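Report on one structure; see the data block that follows.
The values are calculated or read from the model by the stated rules, or taken from the named source; none is laboratory data. As the structure is a computational prediction, the values presented were derived from the model and not from experiment. Cβ coordinates were reconstructed from backbone atoms using ideal geometry, including for glycine residues, and neighbour counts include every protein chain displayed.
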Amino acid sequence: MTVLRIIIVCQARLGSTRLPRKVLLPLAGQPLILRFLERVAQSRLATQIVVATTEETCDDVLANTCADAGYNVFRGHSTDLLDRHYRAALAYQADVVVKIPSDCPLIDPSVIDAVIGAYIDNVDSVDYVSNLHPGTWPDGNDVEVMSMKVLERAWHAAEQPHEREHTTPWMWDNNPEVRVSNVSWSNGLDLSMSHRWTIDYPEDYVLMKAIYDNLYLIHPRFSTAKILSFLIDHPEVAGANAHLAGVNWYRNHIDQLKTIDERHTRDYPSHSQPV
């Protein structure tokens, strides 16, 4: 049996406009990026983790922070994420590429391995597997797994700006050339539009910080179940970013996406002001 080199590529940068330098915000005494990578590193199926940041000088501190902590770092294009993922995967000789964005500091390692495992179990019949089409886990457990071959095909073929910026739409958005599969939450729940565990706004950080402050020292490897239990017991924390649930990048490309419509997204609430 061929041993696959499964490379997790974690995109990160400091130049976000809504919450600048968000991946360096502190969580339980460490930068968010390191707490995120700590959870990703708990995957049992991945061969290697690579932080893919930009070549911009503003990201020097991010690259150094990750490298000093012992993580592999690749630096590439600032806006063409498809190019950055492809070149990072090439540099680390990937057979299989796992895309996990760094704005997901509550990512559950068991979810990562569930999606990777689904790819491995069907390696001869799939090109791309995710838990996003449709999503069921709380937003912020985003895992996309693809063969190096299909990533290379996308790198050559994708032409639309949103296909380059978001890396994978050419693969999953009703492309008959790509064999796509999805992994849903086995308990039958769908919290993808009601629970937001990704960070893009100050309110998101309030939620993340409260969860880490209360769970990390007791359960450093706290699970999705422990987070949900904590939020049930602390509705004031759960409500910190509840008004942002369902806000995602899809909303800016509804007219271009074939498999996404208004049911999968909502606009930023008018009563709140983005940063």
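Below is a table of values for the structure above.
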item	result
Qualifying residue in region 20-39 (condition: assigned to a loop (DSSP other than H, G, I, E, B), out of contact with any Pro (no Cβ under 6 Å at 6 or more places or on another chain), modelled with pLDDT of 95 or more and small (Gly, Ala, Ser))	yes
Conditions (1) in contact with a strand residue (DSSP E or B) (Cβ under 6 Å, 6 or more places away or on another chain); (2) in a helix (DSSP H, G or I); (3) surrounded by fewer than 19 Cβ atoms within 10 Å (Cβ to Cβ); (4) in contact (Cβ under 8 Å) with a residue 40 or more places away in the chain; number of the one not met by Arg87	(4)
Region 114-135: number of residues that are in contact with a strand residue (DSSP E or B) (Cβ under 9 Å, 6 or more places away or on another chain) and in a loop (DSSP other than H, G, I, E, B)	8
Residue ranges of helices (runs of 4 or more DSSP H) in region 187-268 with at least 2 members of a type outside the set (A, V, I, L, M) and crowded, with 17+ Cβ neighbours inside 10 Å	202-215, 224-233
Tally of residues being part of a helix (DSSP H, G or I) and either of a type in the set (Phe, Trp, Tyr) or under 19 Å from Val115 (Cβ atoms) (or both) across region 40-68	1
Answer from Ile112, Ile107, Ile116, Ile100 - the residue that is modelled with pLDDT of 95 or more, over 25 Å from Pro31 (Cβ atoms) and among the aliphatic types (A, V, I, L, M)	Ile116
Among (1) in contact with a Pro (Cβ under 7 Å, 6 or more places away or on another chain); (2) crowded, with 22+ Cβ neighbours inside 10 Å; (3) not basic (Lys, Arg), the one test that Thr53 misses	(1)
Residue count, region 53-67 (criterion: touching a strand residue (DSSP E or B) at 6+ places or on another chain (Cβ under 6 Å) and of a type outside the set (Ser, Thr, Tyr))	6
Test: Thr65 is surrounded by fewer than 16 Cβ atoms within 10 Å (Cβ to Cβ), more than 18 Å from the chain's Cα centre (by Cα) and of a type in the set (Ser, Thr, Tyr)	no
All positions within region 163-174 that are buried (at least 20 other Cβ atoms within 10 Å of the Cβ) and farther than 20 Å from Gly246 by Cα	Glu163, Arg164, Thr167, Trp170, Met171
Some residue of region 93-113 being closer than 16 Å to Asp59 by Cβ, more than 13 Å from the chain's Cα centre (by Cα) and not in a strand (DSSP E or B)	no
Close pairs from region 150-161: first crowded, with 21+ Cβ neighbours inside 10 Å, partner among the acidic types (Asp, Glu) and not in a helix (DSSP H, G or I), Cβ under 9 Å, at least 6 apart	Val150/Asp127; Val150/Glu177
So Ala154, is it part of a loop (DSSP other than H, G, I, E, B), over 18 Å from the mean Cα position of the chain (by Cα) and more than 20 Å from Leu34 (Cβ to Cβ)	no
